[in-house]
Amino acid sequence: MTDCIFCQIAEHKMSAKIAYEDDEVVVFHDISPQAPVHLLVIPRKHIARISEMDAGDAKLVGHMIYTAKQQAEKFNLANGYRLVFNNGREGGQHVFHIHLHLLGGRPMHWPPG
C-alpha cells in the first residue's frame, strides 16, 4: 500500500531506526517513545487492523510476538516488558497497519490508560 507509512518503512522507502528485520517483519524504534525501550514490530504484509485479520494471518502475528520476545532479550528487558496491539481509533490506533508495541526499561503501571 503506497500511502501507508509503515509499508514505506518496510520497503525502505522511508527511514527509520531499524533494530531487526527478516522476510516477514520489521522492528524499529518508535519516534515518540513512551518508555526507554519502545519498539514497533510490523509485518511486511499490510493488514490495516487486528479486526481485519483472517485465519491465515495468525502465524504471522505469532511471529511478531516471538520477534518481540527476542528483541526484549536483545535490549536486556529481563525484568519485564509490555506488549500492546491497538485496534481502531477508539483503541488508540493511529497508523492503520497492524503493529505491536514493545515497551520496557521502566516499571509499567496498571491500568495503562
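Coordinate-derived values only; no laboratory data. From a predicted model like this one, the values you see are computed outputs, not experimental measurements. With ideal geometry, Cβ positions are generated from the backbone for all residues, glycine too; neighbour counts draw on all protein chains shown.
If you check Ile65, Ile42 for being over 18 Å from Cys7 (Cβ atoms) and β-branched (Val, Ile, Thr), only one passes: Ile65. Just so you know, in region 29-65 the residues that are surrounded by 13 or more Cβ atoms within 10 Å (Cβ to Cβ), more than 18 Å from Gln93 (Cβ to Cβ) and free of Cβ contacts under 8 Å to residues at least 40 places away in the same chain include one that is nearest to the chain's Cα centre (by Cα), and it is His29.
Which of (1) in contact (Cβ under 8 Å) with a residue 60 or more places away in the chain; (2) more than 19 Å from Ile5 (Cα to Cα) does His101 not meet, given it meets every other one? So the condition that His101 fails would be (2).
The lone criterion from (1) touching a strand residue (DSSP E or B) at 6+ places or on another chain (Cβ under 9 Å); (2) under 17 Å from Asp22 (Cα atoms); (3) not aromatic (Phe, Trp, Tyr) left unmet by Ile50 is number (2).
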